[in-house]
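In what follows, a single structure is set out as structure tokens and then discussed.
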Amino acid sequence: MIHLAQLFFLRVHVSLYSLVYINPGFYNEVRIYITKAEHTSDLLSNDSEFASKLAAASALVSLSESHYADAALKFASLSSELTNQFNSVLSAEDIALYGGLLGLASLDRQSLQSSLLDSTKFKGRLELVPPLRDALRHYVRAEYKPCLSLLSSLLPQLRLDIHLASHIDTLMEMIRHRCIIQYFIPYNTASIVTMAQTFGMEMEEMEATLVKLIGEGRMPGRPRIDSLRKMVSTESVRNTERRKRREMEGKVKKMGETFVRETEGMILRMSCLDHGLVVQNDAKQRSFRSGGTWGGGGGGNRSQRSRGGGVGGGAQGMYEMDDSSDDDVAGGSGDMMDMEGYGCMNPEDV
């Protein structure tokens, strides 16, 4: 079984090598053989280097699928013993670069500190990429302008990286947005001009970015932009309370209207059942509405009382006719014809 696992890993190695030099579409194949290798051998617990190589390959697959947080944690958890043993696919500098950059884009400040900067496994790797190490430290200390400046200095190198090239623009945008959000959290009001200078952006670009973040609901405090004064402000505590009160009043009003509507419908249905009224929606009912009468030959639809004779009891069930017999009712020419005089009167009024 150990030999089979090594065979699977060799296939993973070949596929990842092909990603670099031949075809970047082998990630699905890499994932399949990683899973097979993980489930077919005890070599993972006996050989830390073998396990680290599989974990590194799995991290690359997560990166290819844009699962940035998962990939960052996988890179951060790689054994420090894995340096250049896997350099045909990943070098030690690549592990540090990928883990740090993905962590900046997807992990919060506390996770960055614990998983990257203070981690015994990853802390030493960051020394291989000093600009990224310094950028992480600036971000944790809320020094966003030098953080973004250092990352910008790495852009030419990152755009040439075989694994990061297709993700670098998205990652840089995510990092910039996170910096803007973190910058704004302590303030109720901030100047767009000052923010643009802080992040090294044009004022129009900063305003467009704020509009996007507010529209996506990612800015704290439901802020609004004053384009005339070039200010962005959050709601005051009083306005927040008023808005929440209005929202609650609207919900209560809607619940009350629903309750009243359902209660009225229930009372109406119970009243119909209590009086034995049955409404039949068929072609005969439409014929009756268009001109038929209670006693007409068309035999239109009727709303009848069920007491005394049921729906099929004819007039015998609706009126007390002591002198009539079942034969007279069945004949349809006696008292039944006298109902024409009532027209469409309510049977309760007769």
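The values are calculated or read from the model by the stated rules, or taken from the named source; none is laboratory data. Here the structure is a predicted model, which means the values were calculated and not measured. All Cβ positions, even for glycine, are placed from backbone atoms using ideal geometry, and neighbour counts span all protein chains on display. Ligands, DNA and RNA are excluded from the accessible area calculation, which covers all protein heavy atoms including side chains. Shrake-Rupley method; radii C 1.70, N 1.55, O 1.52, S 1.80 Å.
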>> Test of the criteria: in the stretch 157-252, which GluC sites (Glu not before Pro) are in a DSSP loop and have at most 11 other Cβ atoms within 10 angstrom of their Cβ?
In response: Glu202, Glu216
> Which value, in Å³ per residue, describes the convex hull spanned by the Cα atoms of the stretch 120-197?
Replying inline: 109 Å³
> Quick one: length gained pulling Ser111 to Ala142 fully straight, 0.36 nm per residue minus the C-alpha distance?
Replying inline: 9.7 nm
>> Only sites in a loop by DSSP and with at most 15 other Cβ atoms within 10 Å count here; which chymotrypsin sites (Phe, Trp or Tyr not before Pro) in the stretch 170-219 make the cut?
In response: Tyr187
> Got a number for carbon plus sulfur as a percent of the stretch 63-122's accessible area, 1.4 Å probe?
Replying inline: 44 percent
>> Along each principal axis of its Cα atoms, how long is the stretch 49-173 end to end? Whole angstroms, biggest number first, please.
In response: 40, 30, 23
> What FRET efficiency comes out for the pair Ser227/Glu93, r = Cβ-Cβ distance, R0 = 35 Å, nearest 0.05?
Replying inline: 0.20
